[in-house]
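Asker: This is the structure I want to talk about, given as structure tokens.
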């Protein structure tokens, strides 16, 4: 029998949100990749665009190493910049299991650091909610 797989949904990621109209913003995502729901993002200082938050500063994308938002939908920005809906301020509780990270963030300590960077923005990450 064929097993059916469902992509993660917003309900899998967001476990509590006080006011969506306050917590969410539409932002421009930097081209070059397809972004998954739950992507941990940083803001590029020079352009104001967002990208997956790397573990360390990347030349040309300075500022993005500081995680400050989480993507709330799947966005394909492989060919050009694209607009996506993100959680930028809380209070909001997100599922730890549903977060996705830049390829450079692969150690548990690096993921913990990214989660800590989200906390001052009111983006709280929990194992279960």
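Asker: Which condition breaks for residue 62 when tested against (1) free of Cβ contacts under 8 Å to residues at least 60 places away in the same chain; (2) crowded, with 17+ Cβ neighbours inside 10 Å?
Answerer: Here residue 62 meets the rest and fails (2).
Asker: Looking at segment 1-14, which of the residues that are in contact (Cβ under 8 Å) with a residue 40 or more places away in the chain and surrounded by fewer than 17 Cβ atoms within 10 Å (Cβ to Cβ) is farthest from residue 77 (Cα to Cα)? Write out each step before concluding.
Answerer: Initial filter on segment 1-14 (in contact (Cβ under 8 Å) with a residue 40 or more places away in the chain): 7-8, 10, 12-14.
Adding the requirement that they be surrounded by fewer than 17 Cβ atoms within 10 Å (Cβ to Cβ) leaves 7-8, 10, 12.
Details: 7: 18, 8: 19, 10: 19, 12: 23 Å.
Among residues in segment 1-14 that are in contact (Cβ under 8 Å) with a residue 40 or more places away in the chain and surrounded by fewer than 17 Cβ atoms within 10 Å (Cβ to Cβ), the one farthest from residue 77 (Cα to Cα) is 12.
Asker: Which residue is nearest to residue 92 (Cα to Cα), if the candidates are limited to segment 15-40 and must be in contact (Cβ under 8 Å) with a residue 24 or more places away in the chain and assigned to a helix (DSSP H, G or I)? Steps first, answer last, please.
Answerer: Here is the first cut: in segment 15-40, the residues in contact (Cβ under 8 Å) with a residue 24 or more places away in the chain are 15-18, 22-40.
Restricting the remaining residues to those that are assigned to a helix (DSSP H, G or I) gives 22-23.
On the way: 22: 10, 23: 7 Å.
Among those residues, the one meeting the criterion is 23.
Asker: Counting only residues that are touching a strand residue (DSSP E or B) at 6+ places or on another chain (Cβ under 6 Å) and surrounded by fewer than 20 Cβ atoms within 10 Å (Cβ to Cβ), which one in segment 102-120 is nearest to residue 13 (Cα to Cα)? Show your work before the answer.
Answerer: Taking segment 102-120 and keeping what is touching a strand residue (DSSP E or B) at 6+ places or on another chain (Cβ under 6 Å), we get 102, 114-115, 117-118.
Cutting the leftovers down to surrounded by fewer than 20 Cβ atoms within 10 Å (Cβ to Cβ) gives us 115, 117.
On the way: 115: 14, 117: 18 Å.
Only one residue fits best here, namely 115.
Asker: Here's something else I'd like to know. Among the residues of segment 96-125, which ones are part of a strand (DSSP E or B) and either out of contact with any helix residue (DSSP H, G or I) (no Cβ under 9 Å at 6 or more places or on another chain) or under 13 Å from residue 66 (Cβ atoms) (or both)? Before you say what the answer is, go through the steps one by one.
Answerer: Quick first cut of segment 96-125, residues part of a strand (DSSP E or B) only: 100, 123-125.
Once the filter is applied, which keeps residues that are part of a strand (DSSP E or B) and either out of contact with any helix residue (DSSP H, G or I) (no Cβ under 9 Å at 6 or more places or on another chain) or under 13 Å from residue 66 (Cβ atoms) (or both), segment 96-125 yields 100, 123.
Asker: Among strands (runs of 3 or more DSSP E) lying entirely in segment 41-89, which contain 1 or more residues that are within 17 Å of residue 118 (Cα to Cα) and modelled with pLDDT of 95 or more? Walk me through it before giving the result.
Answerer: On the way: elements: 50-52, 67-71, 75-77, 82-87.
Strands (runs of 3 or more DSSP E) meeting the threshold: 50-52, 67-71, 82-87.
The values are calculated or read from the model by the stated rules, or taken from the named source; none is laboratory data. Source: prediction; values computed, not measured. Every residue, glycine among them, receives a Cβ derived from its backbone with ideal geometry; neighbour counts consider all protein chains shown.
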